[in-house]
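None of the figures in this text is laboratory data; all of them are computed from the coordinates on show. Predicted model only: the values in this text are computed from it and were never measured. So basically every Cβ, Gly included, is an ideal-geometry build from the backbone, and we count neighbours across all protein chains shown.
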Amino acid sequence: MNVLLTLLLAVQILAALGMIGLILIQHGKGADMGAAFGSGSSGSLFGASGSANFLSRTTAVLATIFFVCTLALAYFGSYRAPESGSVLERAATAPAAPAASGAAAQIPGATAPSSSAAPAAAVPAVPASGAAQIPTK
């Protein structure tokens, strides 16, 4: 799977660089008007209008390759292997937190509170996720 992702990324980068080069080589629609008045661009490598067709088709092919590679990378990037069991079963099998009393037991070098103090809030066995991580005022 790693080799496939690397290959797709390499093809995408090459297609992007090829598109950049071809787009920079092409001339705009207004450049044809100058050839009619003798600007000299009509004696190009592909002829007066032959390069526009070749370059535009090659750009379209490279754009399609780039688009397909982008979709494939997005699909494989979000792919996750299916997990067996339900969320509740995975939460029930999570390791329990240590049975220390209060937050002082979690701080290194701190001493545990005396037995006459009020009991501290219980530490949840599973770390909070989602909206429980948002601090309250």
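Approximating the spin labels as points 7 Å out from Cα along Cα→Cβ, the Leu55-to-Val87 distance works out to 5.5 nm. Couplings 3J(HN,Hα) of region 67-75, computed from phi: 5, 5, 5, 5, 5, 5, 5, 5, 5 Hz, in residue order, whole Hz [Karplus 6.51 cos²θ - 1.76 cosθ + 1.60, θ = phi - 60°; x for Gly and Pro]. Put simply, the amide H of Gln26, placed in the peptide plane, has no neighbours under 5 Å, leaving out anything fewer than 5 places away on its chain.
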